[in-house]
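Q: First, the structure itself, so that you have it in front of you.
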Amino acid sequence: MDLLRALLPRAKPPEGPTPPDALPQGRRVGPWRVVRPLGQGGNGTVYLVRRWGRHYALKLATCPGDPRLVREGKLLQRVKHPGVVKLRAAGQWVGGAERFPYLVMEYVEGLPLYEWARQTCPTARQVTRLLIQTAWALEAVHRQHAVHRDVKGGNTLVRPDGKQLVLMDLGAGDYEGATPLTTHVLPPGTEVYLSPEAMAFAQLHATTPEAHYKAGPADDLYSLGVMAYRVLTGQYPFSTHLPRDMFWLAVSTQPARSAREANPRVPEALAAIVHRLLAKQPENRHAHAREVAEALEKASSEGGAEWDEPLSDAKKKAPKPQGVLRRRRAGNPRERAWMWQQLQKKHRLREGGPSQNDAVASAPHLSSRVPVNRKKHWGLRGLVLAIAVGGSLALLTPTRQVGEGDQEIARVPPSPDAGTGAAPFEAPISAPAAPAALDKDDPRVNPLSGSTSYPKLSKVLPLCVGLACAGGSPATRPMPPPEECPPGALQTMSDLGFEEGDYLHVSMIVPRKGEKRENVLVKEGPSTVLITRRYPTVPGKSFVSGRLLVGDRVYGRYTSLVLASGGPPLPVCMELVDIGVNRGLEREPESSETAVKVYHSGAVMFVDRFE
Ligand SMILES: Nc1ncnc2c1ncn2[C@@H]1O[C@H](COP(=O)(O)OP(=O)(O)OP(=O)(O)O)[C@@H](O)[C@H]1O
């Protein structure tokens, strides 16, 4: 029997289209090329994509024709505000016989609010600055007669300077005149951020299928209050460890403990604003988001030294990154594609199509079926995952606690005093070699190179050396492996007013006066190149240092910038590109195995990672 089984061909999953949540690196979506996934949300997968040397975030719907994503696009189109993620384009991706809407947004580099707070141990004033920005962003949303409906730390990103917050994910949002999509009592959202009036409505209309709660700006303000409470104290206003019914009861009837009680380092005036946002009656909250922003601005400007104390000081162990499980994939791409198709079929049969893709909070006394969030696919993903990790039933039938749908909730720190710690200070960058002197003996071999060592490049170097020892010829060596930027590099880029994809013209040599420019000899190793043009923040004759890697082309990774105007070297993350903005410089035909020549000039482009 076993022999028979061994002789029979193994059943293979049929070939199928790549699922929209598993696009590989390099796959094109319209003109955008996938770099890597950034994460998965309730109704789509967000990819880092690239076009013309610039990065964007592309959100691709999980369900064909998903009207929520289309609505998110329309909403983003209306709301134009520096504090709200910018929409750049929208389109449809064809996967098999289906069309999946996608949105292309600016790529916001940064950390979600709570993670930022955990890493930076901010003061009340620093947090308040970000809360003010959130309030102004909400004001911009509300002014468009729209509501966000899912305001929470996980839907914000704090830029690396820690001074700017961007409100993200308007996927649960709604605006006046939009086609109704909600088929349940409550619209999509996250349970711990749900207002008492929404809960009251859900309880009252639990048995009325046609009743739909209409969230308004006051609901967003309540959620903002929860978010503020959480970032200031490390806790939610009501314990998320309560049984669901008790949690609802507490939110509906109990006054929230003051944020100052939860964390004595929260200034009184700030705690009072948060308390007002958490009022049970919407009319007792601020009338508009603008009012919240103004109240916060006033309190912060009048606040004394207490506002500049860190809100906590103990260093906390990093929680397991969110979404890790969600990002794990089952089997190989073909198997995943097949499983995905099966699950889609099932999903469509059961749910009657993507338009019912709302997840709801049922009133607690009704059932404990579905917690409030938009991750209806969690069950499906759980199934895929369970298959992948050996069929753990626990994944399919988790013990649901309040707010479990919001993954961050499960990891709420028990007390603010668990504290946060300052992020490690940026590693110092060694000073690069000055480009002044040309090598007299061989003026065309890395004339600007030095012997500087750079922290991150130490990882690449042994690999290259290893490859060289193995006897691989430069032409046949693989591309250098991806590498993170040195600490502080992205900050330098933004301080100098550049964005990813911006580039500076460089010369591979210091040209001598009157000398005819020609191809130059280069070799692998430390390299310094001269910036040949003037830029508003980078004067001509500044230079960047890093390392050249010789492979099928000559790649350059530059990690240190010395401004001609003086000052210490600045960490940067810049990649050598040719005049067509292609990565690396072409090996000129006159190159040999041992003597590689490239064109004398090119450019160095700001990147957020060495790919
Ligand atoms: N424009 C962007 N720039 C950078 N990262 C982004 C951008 N948009 C989304 N992301 C990241 O992609 C991930 C998924 O985002 P998405 O908005 O789809 O879902 P979510 O907010 O994680 O979940 P849910 O939709 O269930 O609330 C998040 O980690 C988010 O920070």
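The values are calculated or read from the model by the stated rules, or taken from the named source; none is laboratory data. Nothing here was measured: the structure is a model prediction, and the numbers come from that model. Positions of Cβ are generated from backbone atoms using ideal geometry, with glycine treated the same way; all protein chains shown enter the neighbour counts.
Q: For Val127, are the conditions met, namely being in a helix (DSSP H, G or I) and either at pLDDT 95 or above or within 13 Å of the ligand (Cβ to nearest atom) (or both)?
A: Values: in a helix (DSSP H, G or I): yes; either at pLDDT 95 or above or within 13 Å of the ligand (Cβ to nearest atom) (or both): yes.
Yes, satisfied.
Q: Something else about it: Here are some residues: Gly584, Gly567. Which one is touching a Leu at 6+ places or on another chain (Cβ under 9 Å) and without any contact (Cβ under 8 Å) to a residue 40 or more places away in the chain? Steps first, answer last, please.
A: Numbers: Gly567 fails: touching a Leu at 6+ places or on another chain (Cβ under 9 Å).
Going through Gly584, Gly567 in turn, just one is touching a Leu at 6+ places or on another chain (Cβ under 9 Å) and without any contact (Cβ under 8 Å) to a residue 40 or more places away in the chain: Gly584.
Q: Within the set of pairs 6 or more residues apart or between chains, which connect a residue that is closer than 20 Å to Gly83 by Cβ inside the stretch 280-302 to a residue that is of a type in the set (S, T, N, Q) and crowded, with 16+ Cβ neighbours inside 10 Å with Cβ atoms less than 6 Å apart?
A: Listed pairs, sorted by first residue: Leu296/Thr128; Ser300/Thr128.
Q: Does Pro20 satisfy being touching a residue at least 60 places away in the same chain (Cβ under 8 Å), surrounded by 21 or more Cβ atoms within 10 Å (Cβ to Cβ) and not polar (S, T, N, Q)? Quick ask: steps written out before the conclusion?
A: Numbers: touching a residue at least 60 places away in the same chain (Cβ under 8 Å): yes; surrounded by 21 or more Cβ atoms within 10 Å (Cβ to Cβ): yes; not polar (S, T, N, Q): yes.
Taking the combined requirement at face value, the residue satisfies it.
Q: Moving on. Hey, any hits in the stretch 552-566 for a residue that's part of a loop (DSSP other than H, G, I, E, B), charged (D, E, K, R) and within 23 Å of Gly53 (Cα to Cα)?
A: First, the residues of the stretch 552-566 that are part of a loop (DSSP other than H, G, I, E, B): 552-553, 563-566.
Those left that are additionally charged (D, E, K, R): 552-553.
Subsequent filtering for residues that are within 23 Å of Gly53 (Cα to Cα) retains 552-553.
Within the stretch 552-566 (the criterion being part of a loop (DSSP other than H, G, I, E, B), charged (D, E, K, R) and within 23 Å of Gly53 (Cα to Cα)), the answer is yes, since at least one residue qualifies.
Q: Moving on to the next point. Can you pull out every residue in the stretch 25-61 that is near the ligand (Cβ under 6 Å from one of its atoms), small (Gly, Ala, Ser) and closer than 14 Å to Ala89 by Cα?
A: Listed by number, the list holds a single entry, Ala57.
Q: So which of Gly171, Gly154 is touching a residue at least 12 places away in the same chain (Cβ under 8 Å), within 10 Å of the ligand (Cβ to nearest atom), closer than 18 Å to Arg230 by Cβ and assigned to a helix (DSSP H, G or I)? Write out each step before concluding.
A: Working: Gly171 fails: closer than 18 Å to Arg230 by Cβ.
Being touching a residue at least 12 places away in the same chain (Cβ under 8 Å), within 10 Å of the ligand (Cβ to nearest atom), closer than 18 Å to Arg230 by Cβ and assigned to a helix (DSSP H, G or I) holds for just one of Gly171, Gly154, which is Gly154.
Q: Taking only the stretch 587-605 into account, find how many residues are touching a residue at least 60 places away in the same chain (Cβ under 8 Å) and surrounded by 15 or more Cβ atoms within 10 Å (Cβ to Cβ). Can you show your working first?
A: Going residue by residue through the stretch 587-605, those that are touching a residue at least 60 places away in the same chain (Cβ under 8 Å) are 587-588, 590, 593, 595-605.
After this cut, where a residue has to be surrounded by 15 or more Cβ atoms within 10 Å (Cβ to Cβ) as well, the list is 587-588, 596-605.
Number satisfying all stated conditions: 12.
Q: What's the number of the condition Tyr213 fails, among (1) of a type in the set (Phe, Trp, Tyr); (2) outside any helix (DSSP H, G or I); (3) surrounded by fewer than 24 Cβ atoms within 10 Å (Cβ to Cβ)?
A: Of (1) of a type in the set (Phe, Trp, Tyr); (2) outside any helix (DSSP H, G or I); (3) surrounded by fewer than 24 Cβ atoms within 10 Å (Cβ to Cβ), only one is false for Tyr213: (3).
Q: Further question on the same structure: Might you let me know whether the stretch 67-88 holds any residue that is touching a residue at least 40 places away in the same chain (Cβ under 8 Å), within 16 Å of the ligand (Cβ to nearest atom), more than 13 Å from Leu167 (Cβ to Cβ) and of a type in the set (S, T, N, Q)?
A: Checked the stretch 67-88: no residue is touching a residue at least 40 places away in the same chain (Cβ under 8 Å), within 16 Å of the ligand (Cβ to nearest atom), more than 13 Å from Leu167 (Cβ to Cβ) and of a type in the set (S, T, N, Q).
Q: Taking strands (runs of 3 or more DSSP E) that do not extend beyond the stretch 45-119, which have at least 1 residues that are of a type in the set (Gly, Ala, Ser) and closer than 26 Å to Arg143 by Cβ? It would help to see each step written out before you state the result.
A: On the way: elements: 54-61, 87-95, 98-106.
Here the list reads 54-61, 87-95.
Q: Against the definition (surrounded by fewer than 24 Cβ atoms within 10 Å (Cβ to Cβ), within 16 Å of the ligand (Cβ to nearest atom) and in contact (Cβ under 8 Å) with a residue 24 or more places away in the chain), how does Leu181 come out, yes or no?
A: Working: surrounded by fewer than 24 Cβ atoms within 10 Å (Cβ to Cβ): yes; within 16 Å of the ligand (Cβ to nearest atom): yes; in contact (Cβ under 8 Å) with a residue 24 or more places away in the chain: yes.
So Leu181 passes the test.
Q: Another one. Regarding Arg265, is this residue crowded, with 17+ Cβ neighbours inside 10 Å, modelled with pLDDT under 95 and out of contact with any Phe, Trp or Tyr (no Cβ under 8 Å at 6 or more places or on another chain)?
A: Values: crowded, with 17+ Cβ neighbours inside 10 Å: yes; modelled with pLDDT under 95: no; out of contact with any Phe, Trp or Tyr (no Cβ under 8 Å at 6 or more places or on another chain): yes.
Judged against the criteria, Arg265 is not a match.
Q: Could you please find all residues in the stretch 99-121 being touching a strand residue (DSSP E or B) at 6+ places or on another chain (Cβ under 7 Å) and more than 16 Å from the ligand (Cβ to nearest atom)?
A: Quick first cut of the stretch 99-121, residues touching a strand residue (DSSP E or B) at 6+ places or on another chain (Cβ under 7 Å) only: 99-108, 110-113, 116, 119, 121.
Arg99, Cys121 - these are the residues of the stretch 99-121 that are touching a strand residue (DSSP E or B) at 6+ places or on another chain (Cβ under 7 Å) and more than 16 Å from the ligand (Cβ to nearest atom).
Q: Among the residues of the stretch 600-611, which ones are at pLDDT below 85 and assigned to a loop (DSSP other than H, G, I, E, B)?
A: Once the filter is applied, which keeps residues that are at pLDDT below 85 and assigned to a loop (DSSP other than H, G, I, E, B), the stretch 600-611 yields His600, Glu611.
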